[in-house]
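Have a look at the structure below before the remarks.
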Amino acid sequence: MSNQGLRPETVAAHALRAVDPETGAVVPPIHTSSTYARDENYAPKLKENYVRNGSPTLWQAEETIAALEGGTSALLFASGMAAIATLLETVPQGAHVAAPDVMYYGTRDWLKRLEGLGRISLTLFDPRAPGALEKAVRKGTDLVWIETPLNPTWDVIDIEAAAETAHEVGALLAVDATATAAVTTQPLKLGADIVFHSATKYLNGHSDVLAGVLVTRAETPRWSELRMLRTKMGAPLPPLECFLLMRGMRTLFVRYRQASANALAIARRFEGHPKVEGVLYPGLASHAGHAIAARQMRDGFGGMMSILVKGGFADAQRFCTRLKVIVPATSLGGVESLAEHRKTVEGPTSPVPDNLVRISVGIEHVDDLIGDIEQALAGL
Ligand SMILES: *Cc1c(COP(=O)(O)O)cnc(C)c1O
């Protein structure tokens, strides 16, 4: 069945929509086979016959995500970092890459590693400084990598403006949209060339799958190279994970909307709280990126926020240990709320403030979450 003309909510809800022709099963079988037999003419039955190249369950998940993003094709990888590392592998030797200075630290570390090896030249720009991206790119820039909202400050980058800047110098714009999960923002429709998600997060939504995905606006030689690299580097998402991911995606929109509503209520409640120095959430009018977010995030500001507790490193850590409902764990985008002291995780060289606690707001009753944060702050 085709996703043609369907709204994203319907595409997601029908992520497993493929009535099995043999049994009529509404949930399709998972093809776990690593190899596929040839027919009586010795021709392969499928477009690929070895699981490292692809599998029916993988293709179904990829078609769903491509439709959600309004892209022509998607490639699922065994993790978000595998997808990012493979994309960066397509940057020509010695070419220039521009990226924000605050972003997902795994990506930043990998970019710096490539710079250190002399594989790429790198400019990290301050996404809050007006005109910084324009200054960071130059003729010959191959790739502009942005993330929005930016983890863990939730600063917002204008995707349309970034696409224009990148395209002026002939660079590709890739957007890490993990925090918006194809629900509120579709970067490809705003001019991005490639969108990335850590599907471990909102797309799956149940903290039980590791996966990453790239989606492209157009089939290009670079996209063919990416497909080849995924096969040769052995990084496709295995069939069981593809199935779990699709099952998670069926509830993407209801999960995301509930998390967004909860996060907005929490952000409003704790902004100005005597034990809180600040709340970073794009849905707050006080947030520097609010105006762009309001334009770019169609339906809710997401479930990701950070609280700057009054005090320093130790107070922020203590806040996390005092939480009883919100789980002190890394990751984000699951149905259960998680809190994390980012400086502990990112280490002393990270630019993240010492007193920042990142909260991935889940779909619990909001009063239980507010009560939990209240009691944890009261003990500081
Ligand atoms: C988690 C995350 C990644 C990395 O994805 P993995 O699936 O953990 O490899 C990249 N970007 C962002 C914004 C993330 O939150």
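Quick note: the coordinates plus some simple rules give every number you see, no bench work behind them. Just so it is clear, the model here is predicted, and its values are computed rather than measured. For neighbour counting, all protein chains shown are included, and Cβ atoms are generated from backbone atoms with ideal geometry for every residue, glycine included.
Assorted remarks:
- When the chain is treated as a GNM with alpha-carbon contacts under 10 Å, the residue of A316, A285, A15 showing the greatest mean-square fluctuation is A285.
- For G140, distant residues with modelled amide H under 5 Å away: none
- Choice from G248, G334, G106 with maximal GNM fluctuation in the chain (Cα, 10 Å cutoff): G106
- When you filter the chymotrypsin sites (Phe, Trp or Tyr not before Pro) in segment 1-68 for DSSP loop state and at most 12 other Cβ atoms inside 10 Å of their Cβ, you are left with Y42.
- Overall, the anisotropy analysis places the chain in the oblate class: the square-rooted eigenvalues a ≥ b ≥ c of its C-alpha gyration tensor yield a/c not less than 1.5, with a/b not exceeding b/c.
- Among the trypsin sites (Lys or Arg not before Pro) within segment 100-174, those in coil by DSSP and having at most 10 neighbouring Cβ atoms inside 10 Å are K139.
- Hz values of 3J(HN,Hα) by residue in segment 40-56 - Karplus curve (6.51, -1.76, 1.60), Gly and Pro given as x: 5, 8, 6, 9, x, 6, 10, 5, 9, 10, 9, 5, 5, 7, x, 7, x
- Stretchable slack from D126 to R318, in nm (0.36 nm times residue separation minus alpha-carbon distance): 66.1 nm
- Principal-axis analysis of the Cα atoms of the chain puts helix 366-378 at an angle of about 50° to the longest axis.
- Gyration tensor (alpha-carbon) shape descriptor, segment 291-364, a/c threshold 1.5: oblate
- Neighbours of V91 by Cβ distance under 9 Å: Lys/Arg scored +1, Asp/Glu scored -1, total -1.
- Peptides ranked, highest mean first, by Cβ atoms within 10 Å: ranges 27-35, 177-185: 177-185, 27-35
- Between E22, E69, E147, the GNM of the chain built on Cα springs shorter than 10 angstrom shows E22 fluctuating the most.
- Folded to 0 to 90 degrees: helix 105-116 orientation relative to the chain principal axis, Cα: 70
- Footprinting exposure proxy for V327, V156 (fewest neighbouring C-beta atoms within 10 Å first): V327, V156
- A cut-off under 10 angstrom between Cβ atoms defines the neighbours of V102, and their net charge, with Lys, Arg +1 and Asp, Glu -1, is -2.
- Taking 23 Å as the limit for the C-alpha separation, the pairs K275/K343; K112/K135; K310/K343; K47/K232; K135/K343; K201/K232 exceed it in the case of K135/K343; K201/K232.
- Whether segment 151-233 is rounded, prolate or oblate, judged on the alpha carbon gyration tensor where a/c under 1.5 counts as rounded: oblate
- Cβ-Cβ FRET estimate between E160 and A43, R0 fixed at 56 Å, reported to 0.05: 0.75
- Cβ-Cβ FRET estimate between E168 and T72, R0 fixed at 35 Å, reported to 0.05: 0.90
- Acute angle (nearest 10 degrees) that the helix 80-89 long axis makes with the longest principal axis of the chain, alpha-carbon atoms: 70
- Among 294-307, 158-171, sorting by the average number of other beta carbon atoms lying within 10 angstrom of each residue, highest first, gives 294-307, 158-171.
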